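Enquirer: Quick one: this structure, given as structure tokens, is what I'll be asking you about.
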Amino acid sequence: MLCVAGGSADAIAYLRFGTFVGAMTGNTVLIGIDAAEGNLDRGIYHVCIVAVFLFAVIATRAALNADVLVMMPLVLTAIMLAGRHSSPADGAPHSAPPRSGCRTLPCAGSTAYR
């Protein structure tokens, strides 16, 4: 069941935002592809995804070592997600910069999967 949830989350995130939420190996591969294609915007986008993931791991470990309530990281995550959905002034959904050179999977900028 956990594999289905994780795989579904990664598939949805890739189709919607052009990145993975749980597979940092996949994001690292995407960074390499972006570098090879000379796509600086997408490369920076994927580097930031990996950096935020690493920051979250370090912050969570520090919170657990400091005997912070286990629910605190989940509450902070919920607050950040709620703020993310209410931040655009025009109500437009957030999305990644469009991917150039998509070959086998639909591009993140494609409207067919939105």
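Readers should treat all values here as calculations from the given coordinates under stated rules, not as data from a laboratory. Small disclaimer: the values here were computed from a predicted structure and weren't measured. Don't worry about glycine lacking a Cβ; one is built from the backbone with ideal geometry, like all the others, and counts go over all protein chains shown.
Enquirer: Calculate, in nm to one decimal, what residue 82 and residue 2 gain on full extension: separation in residues at 0.36 nm each, minus their alpha carbon distance.
Expert: Numbers: separation 80, 0.36 × 80 = 28.80 nm, distance 2.40 nm.
Extending this stretch completely gives an extra 26.4 nm.
Enquirer: Further question: With charges only on Cβ, +1 for K and R and -1 for D and E, what is the dipole size of segment 2-86 about its Cα centre, in debye, rounded to 20?
Expert: Value, rounded to 20: 160 debye.
Enquirer: Could you sort 17-26, 48-57, 61-70 so that the peptide with the highest average Cβ count within 10 Å comes first and the rest follow in order? Intermediate results must be reported in sequence, preceding the final value.
Expert: Working: 17-26: 17.3, 48-57: 13.2, 61-70: 10.5.
So the peptides 17-26, 48-57, 61-70, ranked by packing, come out 17-26, 48-57, 61-70.
Enquirer: With r defined as the distance between the Cβ atoms of residue 15 and residue 70 and R0 fixed at 30 Å, what FRET efficiency is calculated, to the nearest 0.05?
Expert: Working from the Cβ atoms, E equals 0.40.
Enquirer: What ranking, highest mean first, results for peptides 5-14, 73-82 when packing means the other Cβ atoms within 10 Å averaged over each residue?
Expert: 5-14, 73-82
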